[in-house]
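Quick notes on the structure that follows.
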Amino acid sequence: MIERRKSKQIKIRDIKIGGGAPVSVQTMCNTDTRDIKSTLSQINEFYEAGCEIVRLAVLNKDAGDAIKEIVKKSPIAVVADIHFDYRLAIQCIENGVDALRINPGNIGKEDHTKRVVELAKTNNIPIRIGINAGSLEKELKSREDITLAEKMVESAMGHVKILEDLDYDNIKISLKSSDVPTTIDAYRIMAKRVE
């Protein structure tokens, strides 16, 4: 049996994550979120296979509109994956999404992030910070004094700080690299820095 460290627990819909909860099964749709029928069909396939949480790319307002019906009909928790446009995050919260994936530093003005966080707080919506080794900030990419895993952690911690400075702590962190050992190293480093 694997011994797990104590961590803070968050909840996405009715799925507990962290704090000793069982490991949840999560995936991401590769459908166009605007295509509600295809997206729900794929979500139902995931559900039948035992998936508990699904992430959907929300690239524009039409995809944000589709979230409303998808969330209503989805048998599993839905996370809206947002890049850059804070208005899409607000739209998805208003349309009932169970969680957000944003990187606060990419949302733009501090006021934009603040608006998203205030609405997330009011609706008890967790925010997933997703760091991908292939899309790190320029200043981190160019650093030669730390490893790629450390760069990933520094990036994540920068985004965490933005949220914590806004008195928000309903946070989930995801670290990904195409190199599995680098991903593992990043999580080990991160585990020493956060609960």
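Per-residue ellipticity at 222 nm for the chain, helices alone: DSSP H runs ≥ 4 residues times -39500 (n - 2.57), over residue total, nearest 500 deg cm²/dmol?
-13500 deg cm²/dmol
Mind ranking Val117, Val180 by accessible surface for me, highest first, 1.4 Å probe?
The ranking, largest first, comes out as Val180, Val117.
Average the reciprocal distances over every distinct pair of alpha-carbons in region 99-146, invert the result, and give the Kirkwood radius in Å.
That comes to 12.4 Å for region 99-146.
Starting from 0 in steps of 10 Å, tell me what percent of the Cα-Cα pairs of region 48-91 lands in each bin.
Per 10 Å bin, starting at 0, the Cα pair percentages come out as 28, 53, 18, 2.
Hey, which of these cross-link pairs are over 22 Å Cα-Cα: Lys16/Lys114; Lys37/Lys176; Lys6/Lys72; Lys16/Lys121?
On the way: Lys16/Lys114 26 Å; Lys37/Lys176 30 Å; Lys6/Lys72 33 Å; Lys16/Lys121 17 Å.
Pairs exceeding the cut-off: Lys16/Lys114; Lys37/Lys176; Lys6/Lys72.
Give the aspartates and glutamates reachable from Lys138 as a straight Cα distance under 14 Å; neighbours fewer than 8 places away on the same chain don't count.
List returned: Glu154.
Among (1) -0.42, -0.60, -1.11, -1.25; (2) -0.26, -0.41, -1.21, -1.43; (3) -0.30, -0.47, -1.11, -1.29, find the value of log10 I(q)/I(0) by the Debye sum over Cα atoms at q = 0.08, 0.10, 0.17, 0.19 Å⁻¹ that was calculated from the structure presented, and write down its label.
(2)
So how much accessible area does Arg128 have, in Å² to the nearest 10, using a 1.4 Å probe?
Accessible area, nearest 10 Å²: 30 Å².
Working with all protein chains in place, sort Lys172, Lys138, Lys161 by solvent-accessible area computed with a 1.4 Å probe, largest first.
Lys138, Lys161, Lys172
After finding the eigenvalues of the alpha carbon gyration tensor for region 20-115, what semi-axes result from the square roots of 5 times each, listed largest first in whole Å?
23, 16, 10
The values are calculated or read from the model by the stated rules, or taken from the named source; none is laboratory data. The structure presented is a predicted model; accordingly, all values stated were derived computationally and were not measured. Side chains are part of the model used for accessible areas, which takes the heavy atoms of the whole protein and leaves out ligands, DNA and RNA. Shrake-Rupley method; radii C 1.70, N 1.55, O 1.52, S 1.80 Å.
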